[in-house]
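Report on one structure; see the data block that follows.
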Amino acid sequence: MSVENRLSVLDRTGNRTENRSSVLARNLDRRTVGMKKKETIIPGLSLFRRETPTGLSSLSYEPCVCLVVQGAKRVFFGKETCQYDAENYLMTSVHLPTMVQVVLASREKPCLGLRLTLDKKEIVSLIADTPFFLPRRKTSERAMVTGKVTPPLISAFQRLIDLEDTPEDIPVLAPLIRREIFYRLLADEQGERLCRIALEGTPAHQIARAIDWIRENYTRPLRIDVLADQIGMSRSTFHHHFRSVTALSPLQFQKHLRLQEARRRMLAERLDAATAAFEVGYESPSQFSREYRKLFGVPPKKDISLLRQGSAGFFS
């Protein structure tokens, strides 16, 4: 194929992606008027809308794929940053504590997007049915990445969202379309990351198990040697792979979980800082305040006051 023909194909593909994104944006706009977040009747699918840029908000991402079909969002985890928009989706294959910011939005063109949780069992089933998905090359183990949005991926999401209009079809068709979406993700350049997290015996899968344990026991003291032994790694290997996946050390990961949960409780349950600190596992309120300020930029009391005055993005 000549250079001119290849460019023509690329142009047509780009136009198809842009056109389908515009159609999906109109669809999401219609379904989210007057709300910031909508949990749909389709299992695992939620929609979001923001009409102004936001400050940094606490958000723990579960394993999911996120699309922004209009506007842009930025996610910070550890020292890493991911930005996603109409051309790039965001995927995370493990639970991650993050800070999130809407960077492009207006009343005329709100930031519109969706999130679909990943089903590990379905992904393992797809890998078993499609052997060419098995990991073959060395890739970064980073759990949160961006990938290029394609017309087939947008088309599948459009059909999934449209099932809201025919609820009787959801039990039969939603699982089929979800499976198609997971197939598209596995076939993408980032698909090997999903394989490594899903498959037993890989370092990424072992780290995913450790992350699950920390999340379930974040208030308890973290004994690295014990946890490393539980998942079958040496201490040094555990540290290396944990940071490769999450961009954080195990202790930093636990700290972020504790601080984000304390922040949520102070805002939602109106706890004072000392009480929130003890409830999430801190023994020293002063240490809690120091680490809170380091992560969120201001002391707990001031931060909660600012949030109550209008940080609309806290529960994004």
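A few comments on the model shown:
- Residue match in region 207-219 (condition: without any contact (Cβ under 8 Å) to a residue 40 or more places away in the chain, of a type in the set (A, V, I, L, M, F, W, C), over 20 Å from Phe76 (Cα atoms) and crowded, with 21+ Cβ neighbours inside 10 Å): no
- Residue within region 248-265 that is of a type in the set (Gly, Ala, Ser), more than 30 Å from Lys36 (Cβ to Cβ) and in contact with an Asp or Glu (Cβ under 7 Å, 6 or more places away or on another chain) present: no
- Qualifying residues in region 67-83 (those that are surrounded by fewer than 21 Cβ atoms within 10 Å (Cβ to Cβ) and touching a residue at least 24 places away in the same chain (Cβ under 8 Å)) - the one farthest from Phe242 (Cα to Cα): Ala72
- Residues that are under 30 Å from Glu51 (Cβ atoms) and of a type in the set (A, V, I, L, M) do occur in region 282-302.
- Candidate set from region 41-63 (those that are crowded, with 18+ Cβ neighbours inside 10 Å and over 20 Å from Leu267 (Cβ atoms)); member that is nearest to the chain's Cα centre (by Cα): Pro63
- In region 175-194, the residues that are among the charged types (D, E, K, R) and outside any helix (DSSP H, G or I): Asp188, Glu189
- Condition met for Thr130 (touching a strand residue (DSSP E or B) at 6+ places or on another chain (Cβ under 9 Å) and in the same structural domain as Leu28 (by TED's automatic domain parsing)): no
- Leu67 vs. criteria of a type outside the set (Ser, Thr, Tyr) and in contact with a Gly (Cβ under 6 Å, 6 or more places away or on another chain): yes
The values are calculated or read from the model by the stated rules, or taken from the named source; none is laboratory data. No experiment lies behind these values; they were computed from the predicted model shown. Quick reminder, even Gly has a Cβ in these numbers, built from the backbone with ideal geometry, and neighbours come from all protein chains shown.
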